[in-house]
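This report refers to the structure that appears directly beneath it.
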2 protein chains.
Amino acid sequence: MNSQRTAFFVSDRTGITAEMLGHSLLTQFEGVRLKEITVPFIDSADKAMNFVRQINATAIADGVRPIVISTLVNTEIAGIVSKANALFLDSFEIFIDPLERELGVKASHAVGRSHSTDDFVNYHHRIEAVNYALSHDDGVSKRELTEADIILVGVSRCGKTPTCLYLAMQFGIRAANYPLIPEDFSTMQLPAQIKSLRARLYGLTIRPARLQQIRNERRPGSKYATLANCEFEIREAEALMRQEGIPYLDATSKSVEELATTILQEAKLERRIY
Amino acid sequence: MNSQRTAFFVSDRTGITAEMLGHSLLTQFEGVRLKEITVPFIDSADKAMNFVRQINATAIADGVRPIVISTLVNTEIAGIVSKANALFLDSFEIFIDPLERELGVKASHAVGRSHSTDDFVNYHHRIEAVNYALSHDDGVSKRELTEADIILVGVSRCGKTPTCLYLAMQFGIRAANYPLIPEDFSTMQLPAQIKSLRARLYGLTIRPARLQQIRNERRPGSKYATLANCEFEIREAEALMRQEGIPYLDATSKSVEELATTILQEAKLERRIY
């Protein structure tokens, strides 16, 4: 008998919500490691029945029944999946009843319901924001930085680019980024292009050992990647940010999602995507 | 009295899971439009009490109690928030009991629990994939395309770039993109750089009216943006993709998340981030 256990995150659509919810629930159980499998687009009775067969086969292979965390919207499909040999947790059905009572309206149970006007507006803002982030990455400015909602500053490889892209994708924020480099530290002045935009600057910093690790993957054995150089750059960058009154976050133990959400909140940015 | 009603999505961390779950639940109620507010980082009793005051003030201002959808992990904090004048729906607590029984382990209720080794591996894959997408955007190849897990092809502005970035950020997939342009249609041949990589090509297409709208925002009044030109390019691109046996998706009414998830599944890509 196998000691592995499997968790399935199932949805009629992308499965991203089911996966995020399920993963965060399961990390609450220390010492328990499950094989996590996301199963998107279960949007017909046929697909549901195939999925049931997959669950039942997994139960036999694992020697223990799987856990299924569902955001299935369609009652009939959820009903089919609930018959599988698994602990079936339905994060949708469980809240529909109290919401129906509270709102005095019946749920439509239609898959993929959304407000199409909103969708187009969101799409537009997202694309604009992504294009903005791409054309203002790493100080490469094709358009004016004055259009930025926020400009992230910090030493090379501290996490500015993914944070900008996440701000753009998730919230529609126009986020530029601008590196702080040794030349800036010798004068202890902000680069001219961003000096007048101080109110929109937000800093990232990182612990030297982590920066060394990241830079070393990029340019192994370079002076750029040495611990001494990382320590120097970070110390100077932090001093410059403090001198200029730029708020900054330590990216070392934060995910890109956490950095982006924290900056959104702290800098009081107005999101363009809901 | 105001007829608006408010929904809060609250979390000890970024609130992104609560927001996605809550938003998809609420779109099930046709004709009901709520003001949706995400409240991240409620990670202390003080913050929870401030949030309760905000909820109660909103109940008075709206003339109707708000809805609160929570992924709060800490029982004490959730307990404080549950006392507010609102319909409180706790997506965490509701599943912890059945999971504890099933797994035979008590939940830790610790905020931000995660596997730190996983985190570093995920961070590494995500950054590598984002860098890869950035350096292979729109046919601009600084490194070899042969390293790509997938190469998206399609006409200019059909959604390739955000889909590549989403594949990178969410799944750690190395996604390049390569535009199909009028020169390719005159020869009805794939560009030389991607011809030998046919098995890794995946197409996006779009409806002409939508493409016209997107291009017109970018270059108003240009020939590039005319409906006739959009129709021509799309017809030729689809013919070329069919001729070459490249699978393709219509991006018109799909979100970036749906495109990325569908491509992950259809192309049987192995995700590097969990």
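The values are calculated or read from the model by the stated rules, or taken from the named source; none is laboratory data. Remember, it's a predicted structure, so these values are computed and weren't measured experimentally. No Cβ is skipped: glycine too gets one built from the backbone with ideal geometry, and neighbour counts run over all protein chains shown.
Results, tabulated for the structure shown:
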| read-out | value |
| --- | --- |
| All positions within segment A:1-48 that are hydrophobic (A, V, I, L, M, F, W, C), within 18 Å of A:GLY79 (Cα to Cα) and touching a Ser or Thr at 6+ places or on another chain (Cβ under 6 Å) | A:PHE9, A:VAL10, A:ALA18 |
| Residues of segment A:156-189 classified as over 21 Å from B:MET169 (Cβ atoms) and touching a Phe, Trp or Tyr at 6+ places or on another chain (Cβ under 9 Å), total | 2 |
| Within segment A:208-235, tally of residues that are within 14 Å of chain B (Cβ to nearest Cβ) and either without any contact (Cβ under 8 Å) to a residue 24 or more places away in the chain or touching a Leu at 6+ places or on another chain (Cβ under 7 Å) (or both) | 6 |
| Criterion: within 17 Å of the chain's Cα centre (by Cα) and surrounded by fewer than 23 Cβ atoms within 10 Å (Cβ to Cβ) - qualifying residue of B:THR146, B:THR187, B:THR161 | B:THR161 |
| Any hit, segment A:76-85, residues being in contact with a His (Cβ under 8 Å, 6 or more places away or on another chain) and surrounded by 18 or more Cβ atoms within 10 Å (Cβ to Cβ) | no |
| Residue match in segment A:245-254 (condition: in contact with a strand residue (DSSP E or B) (Cβ under 9 Å, 6 or more places away or on another chain), under 17 Å from A:GLY203 (Cβ atoms) and in a helix (DSSP H, G or I)) | no |
| Residue in segment A:39-58 that is at the interface with another protein chain (Cβ under 10 Å from one of its Cβ atoms), hydrophobic (A, V, I, L, M, F, W, C), surrounded by 18 or more Cβ atoms within 10 Å (Cβ to Cβ) and farther than 25 Å from A:GLN170 by Cβ present | no |
| Enumeration of residues in segment A:166-189 that are of a type in the set (A, V, I, L, M, F, W, C) and either within 21 Å of A:GLU244 (Cβ to Cβ) or in contact (Cβ under 8 Å) with a residue 60 or more places away in the chain (or both) | A:LEU167, A:PHE171, A:ILE173, A:ALA175, A:ALA176, A:LEU180, A:ILE181, A:PHE185, A:MET188 |
| Set A:TYR274, A:TYR248: member being in contact (Cβ under 8 Å) with a residue 12 or more places away in the chain, surrounded by 15 or more Cβ atoms within 10 Å (Cβ to Cβ) and within 13 Å of chain B (Cβ to nearest Cβ) | A:TYR274 |
| Positions within segment B:71-90 being more than 14 Å from B:ASP12 (Cβ to Cβ) and of a type in the set (D, E, K, R), in sequence order | B:LYS83 |
| Qualifying residue in segment B:8-20 (condition: at pLDDT below 95, in contact with a Leu (Cβ under 6 Å, 6 or more places away or on another chain) and either surrounded by fewer than 21 Cβ atoms within 10 Å (Cβ to Cβ) or under 17 Å from A:TYR274 (Cβ atoms) (or both)) | yes |
| Members of segment A:123-172 that are within 14 Å of chain B (Cβ to nearest Cβ) and part of a loop (DSSP other than H, G, I, E, B) | A:HIS136, A:VAL140, A:LYS142, A:ARG143, A:SER156, A:ARG157, A:CYS158, A:GLY159, A:GLY172 |
| Residue among B:ILE60, B:ILE69, B:ILE55 that is in contact (Cβ under 8 Å) with a residue 12 or more places away in the chain and assigned to a helix (DSSP H, G or I) | B:ILE55 |
